[in-house]
Structures are given as structure tokens and as C-alpha cells.
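As C-alpha cells, the structure follows; a few thoughts come after it.
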Amino acid sequence: MGFLQPDAGVIRMDGAPLHFSGPKDALDRGIAIVQQELSSILDLTVAENIFLGAEPRRFGFVDFARLNREAAELLRMVGCDTAPTAKMRHLRVASRQLVEIAKALSHRSASILILDEPSSAIGEHDVTRLFETVRGLAARGTGIIYVTHRLGEVFEIAHRYTVLKDGATVASGEVAASTPEQLVEQMVGMPVDREFAARSKPGSAVLLEVSGLSHPPHFEDIGFSVQTGEVLGIYGRSGSGRTEILDAIYGLTRPVSGRVSVAGRVLCGEGPAESLGAGLAYVTEDRKRSGLVLCASTGDNLSLSILPRVQRWGFVDARRRDGFIHAAIARMRIHPSDPCPTVRYLSGGNQQKVALGRAVACDPRVLLLDEPTRGVDIAAKTQIYRFIAEFTTAGGGVLLVTSDLDEVLGLSDRILVLRGGRIASAFSSQGATQRSLVLAAD
């Protein structure tokens, strides 16, 4: 796309070599991209974001009626029911992802469409719509480059594959002639059946208890418990209230009614500080927006929540703080191991491990995890799974919200399915299948 200039190599299109000095050159040649990291302008409307720089005009002025009409058509194409006049700031991550896809499709002349992790923030139902859109584009002659860490998507949508590892091509071939197990071994050097680390069985003591929690119109009458050593999974379509429930439990929002207790201590709704003191920690779905301080270093992010513990006479004891930081980097397997780099320049997987490391710095009893592996590579995902296993084996509890069916089935001891802001079904890990979860969520 011309964002970076190569030191060597050739890019060819229709047999002719190309050189892009910037993204505009690529767009002019019919190549469009949906990037993994969303780049929305939050104070503009959905329609204004979709047609930014290419707004339809009439008599020299932006034709807003046509702008909104054409944006609504593109939104329908990708299965997004958001109004074109809505501000981007008010959209959840999943909806912003769909708007980005609609923006790429607004380039009607694009003959090549690059999709970088397009399903990382959307639910299974929306993925189905996305695939329908991709197949329709391919049928009309558009070439699709589909970058994903979800192997199931490769075998559902792709004709050919290329495996990258450490910046180099390690394998390529026809999808029909390969298996998911082979691709995993090519990427991380381990059999696929070891992706989810073994865990001990949950105990009987209740760590987190939620009863009668309601915050209409987002969710109503939510009740469940999380026991020692347990992963309780929550699955549901985007808009089912998944994230809003975690926000309310942690104290980011105040529910209309209900009670939350941690190890028998009832929370009074005084906000995140109270929740953190009681033993709750929260890793949000959008690490860049609410999980990390992007302009700060790895070390600063990891130590944010433990500064009171490393103070001496009112000042931060640098030696104690640095000792904690290096131990956290080793525990979370963060790369690079140097605590100085600014966190915005780390890979998505390492950023997520920093967010997790900050969350567990205060030795919580219960972790609230919202899409903990969104937009991370398989190696980082496997390390996060191992960390969850270690945390629960040590007696902690995890409340896991994820739109990844394999993940919720592979990690959870029990699974709750949300539909329309209510608990529609509950499954044991042995009694759940992908089909049963999708049917319960629809």
C-alpha cells in the first residue's frame, strides 16, 4: 500500500512492476486496504468516515443526502445496522470494524482488496455476513488478500495460503491440499492439540458472584458465579451486552440494580478503585483505546497499578519498581525484554501481554477478560492461553468474553450464551458445540 518503502523486491500488477510512494498511489491503481488497527476519525459521522477524501459533491459542496444514502448501501452490504449519521465515537469496536470494511468497499474501482484481521472484533454472525461479502467480491473479479490468525477462516474462505514466520515466507500452497494442523506446525512448531494448555479442575469456593444485575437496554437480570480455578466463558453476538456486563461488574458503569461480590465482599459501586482493591482486574476489548498508555514505555505501563506498593517515604523506589518490571516481562514473555521501548511500537501480541501484565500486577483473584486474543498472532495467543491456565491453576478465576468459538470452547469450564441482553443458555464445556452456541445466540 505504500506505507513503507521496501529495500528490495518487486511488486507487480498485471505483469507490470509498480512503485508506490504512498497509499494514494495504491488506491489510484485499484488496491484498497482494511487495516487491523482501526483508523477512524471519532468525531466524524459513519458516512463521513466511509467517504473521507472522496465525498460526493454538488455545485462544489458536499452532497450529504447522497453521502448518507450511499453509505447506508455499503453498510447494508457488510451487515452493519448502524445509522450513517451516527458519530464514530459512539460505536463499539465491532461496529467500527464493519465501517472500515465498508470504507474499503467504497472504492468501487478496487481490483485488489487487502483485509488485515477483518474478523478480529466482530461476532460469528457478522463473520458470516463478511464472508458473503468477500465471496461476492471475488465472484465479480476482485482479488482478495485475507490476513488472519484464525485458521478456520483460511479453510472456509481462501483458495491458496502463504505462511509467514519472523518476517519470512515459510510455506505456501493450495488450501485444499493442507490441514489446520500442518499450518499451525509451520507457524509455531507445535501440534494443534497443544494450543490450549491443560488446566486443573475448578474448586468449590466462589470467587465472583453476580446476581440480578440490570442496566437496560444493554442487559437485564444477569446472574452467575465464578469459582476458584474456573474459566467461565460468555458468548454472544455483538450488541448482546457482553462488554457492558463486564463494565458494570468492574464499576466503569453503574447498573440500575443487582449485586456484585468478590470472595464474599459486596461491592458498593464506587468504581474501578474499589473493584481493584477487592481483587478484580479488567483487560478491556480495545487495548489501544482503554488498556494501555501508548505514549509510555513498556515498563511504565506494567507498573502503573503497583506504584503505591513500590514507594518509600512518598517516592517511587526505582530499584523495587525495576525488579517488578523485569519479573513481569519474563512472566508474560514480552518481546523485546527491554522495558524502555514505547508500547505503541510493540506488536499487537506483545501489547496485549503488557495489558495482561498490568492487570495481574496487583495479584487479583478474578480476571475479567474481554476479547483477550483479538488481533494477536498464534504464538502470542498460545502464550496467553498458557498464562490463563497458570492463573487458574493457582486458584484464580477468569470471566472470559470472546467472539471466537474455538477459544470459548477450548478455554471454558462453563459457557453462558447471551441474547438480547439476557442469559439465553448455559452449557458445560463437554456439552457445548459450535453449532449449539451459535443457535443459542441467534
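Each reported figure results from applying straightforward, stated rules to the coordinates on display, with no laboratory input. Quick caveat: nothing in here was measured; it's all calculated off a predicted structure. Here the Cβ is made from the backbone with ideal geometry for all residues, glycine too, and neighbour counts use every protein chain on show.
Give, in nm to one decimal, the length gained when the segment between residue 425 and residue 43 is fully stretched (0.36 nm per residue of separation minus the Cα-Cα distance).
On the way: separation 382, 0.36 × 382 = 137.52 nm, distance 3.79 nm.
Roughly 133.7 nm would be gained on extension.
Residues whose amide H lies under 5 Å from that of residue 163, counting only those 5 or more places away or on a different chain, are 170, 171, 172; hydrogens are built 1.01 Å from N in the peptide plane. Basic side chains Lys and Arg get +1 at the Cβ, acidic Asp and Glu get -1 at the Cβ, and with that the dipole of the range 11-158 about its Cα centre reaches some 360 debye.
Using just the helices of the chain, give the 222 nm mean residue ellipticity in deg cm²/dmol: DSSP H runs with n ≥ 4 each add -39,500 (n - 2.57), and the total is spread over all residues, rounded to 500.
Working: 15 runs with 150 residues, N = 442.
After summing the helix terms and dividing by the residues of the chain, the value is -10000 deg cm²/dmol.
Springs between Cα atoms under 10 Å define the GNM used for the chain, and in it the highest mean-square fluctuation of 199, 374, 320 occurs at 320. Taking the alpha carbon gyration tensor of the range 221-367, multiplying each eigenvalue by 5 and rooting it gives semi-axes of 29, 19, 13 Å, largest first. Full extension of the segment from residue 179 to residue 211, taken as 0.36 nm per residue of separation minus the current Cα-Cα distance, would add 7.1 nm.
If the limit is 23 Å between Cα atoms, which of 103/288; 201/353; 288/381; 165/353 go over it? Going by Cα-Cα distance, 201/353 fall outside the 23 Å limit.
Placing a label point 7 Å from the Cα of residue 200 along the Cα-to-Cβ direction, no residue of the range 254-268 has a backbone N closer than 18 Å. Scalar couplings 3J(HN,Hα) for the range 34-40, obtained by applying the Karplus form with A = 6.51, B = -1.76, C = 1.60 to θ = phi - 60°, are 10, 7, 5, 8, 5, 10, 5 Hz; x denotes Gly and Pro.
Comparing 250, 235, 161 in a Gaussian network model of the chain, where Cα atoms under 10 Å apart are tied by springs, the biggest mean-square fluctuation is seen for 161.
Cα centroid separation, the range 280-306 to the range 368-427: 20 Å. The convex hull of the Cα atoms of the range 1-92, projected and averaged over all directions, covers 8.1 nm². For Rg and Dmax of the Cα atoms in Å, computed directly from the structure shown, the correct entry in (i) 23.6, 79; (ii) 31.8, 108; (iii) 22.8, 71 is (iii). Modelled label positions at residue 164 and residue 55, each set 7 Å beyond Cα in the direction of Cβ, lie 3.4 nm from each other. Placing +1 on each Lys and Arg Cβ and -1 on each Asp and Glu Cβ, with no other charges, gives the chain a dipole about its Cα centre of roughly 620 debye. Extension gain for residue 435 to residue 25 (0.36 nm times residue separation, less C-alpha to C-alpha distance): 143.2 nm. Across the range 3-16, coupling constants 3J(HN,Hα) worked out from phi with the 6.51/-1.76/1.60 Karplus curve, θ = phi - 60°, read 5, 10, 9, x, 7, 7, x, 10, 10, 10, 9, 6, x, 9 Hz, and Gly and Pro carry x. Which residues does the label zone of residue 7 cover in the range 144-171, counting backbone N under 19 Å from a point 7 Å along Cα→Cβ? Those under the cut-off are 165-170. The distance linking the range 1-34 with the range 213-260 is 46 Å (Cα centroid to Cα centroid, whole angstrom).
Comparing mean-square fluctuations of 59, 155, 131 from a GNM of the chain with C-alpha springs under 10 Å, the top value falls on 59.
Judged by the mean number of other Cβ atoms found within 10 Å, the most tightly packed of the peptides 313-319, 179-185 leads the ranking 179-185, 313-319. Relative to its Kirkwood radius, the Cα radius of gyration of the range 11-158 gives an Rg/Rh of 0.97.
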